């Protein structure tokens, strides 16, 4: 039942993430640093009463791992918010969903694991899908696609860190550390690039980013806490489905057939990578 809860939390996190992206896209007139700051500040305000019961005891021995998780998650979010204003929701969510492909590479460096042939095949299939979507021979949307890919790498690093932290820290501790550090760090660029938010509708957009971003973070953390990363990570592909639906309903975004092929290749590669028993077993013990 614990694992089933993790998968349910994963689906809820995908819905929340898609709605967060919708509000980020709606808030396109607000500087990205401001959106990032309010995403974490609102989350901190909403979660603080719950996170402080029971009182969280911080273990400084785990500080390096918290920093890896917190900073990678923060900068991944910044990458996504930058890219979402320049590419469609479905393309962004597809590139976001490449993060399972980076997990074996991270484990190779971090845990000194040897990548077997099955995993190499999965990586090749997934990254061929990325190339199909990016079609490098065509003129790319500035560097938005590459920035989104960088965000996926950082998200994979955060996911591995969350799974490792979940064995030594509570969900309360993981979330509290993340929101406090992210809010403090995000404050600096917001002040530097500050522009007044004058329209009431823009404040509603910022509120939507904060509320659904908080729900996404909570459900995602619970998902990786209750289910193995090999299964919880699969839930990220629902972000493609929900984001594609919202993009079609709100902005009439219909991806071309080439992009649909890229999506299928990325999902196929991600499935092979995440269902690799070597990855699942190693992460389950970490």
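Read the figures in this text as sums done on the coordinates, not as results from a lab. As the structure is a computational prediction, the values presented were derived from the model and not from experiment. Positions of Cβ are backbone-derived with ideal geometry, glycine not excepted, and every protein chain shown enters the neighbour counts.
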Open item on the list: Can you compute the FRET efficiency between residue 248 and residue 167 using 1/(1 + (r/R0)^6), with r the Cβ-Cβ distance and R0 = 35 Å? Round to the nearest 0.05.
Closed with: 0.30
TODO: Sticking with the crude label model, points 7 Å out along Cα→Cβ, report the distance from residue 191 to residue 124 in nm, one decimal please.
DONE: 5.2 nm
- [ ] Compare the peptides 237-248, 184-195, 13-24 by average per-residue count of other Cβ atoms within 10 angstrom and give them in order, highest first.
- [x] 13-24, 237-248, 184-195
- [ ] Let me see the pair-distance distribution of segment 140-205: every alpha carbon pair, 10 Å bin width, integer percents in order.
- [x] 15, 27, 37, 18, 2
Task: Nearest-0.05 FRET efficiency for residue 258 and residue 61, computed from C-beta distance (R0 45 Å) - done: 0.35
Task: Spacing of the two label points (7 Å from each Cα toward its C-beta) at residue 184 and residue 203, in nm - done: 2.8 nm
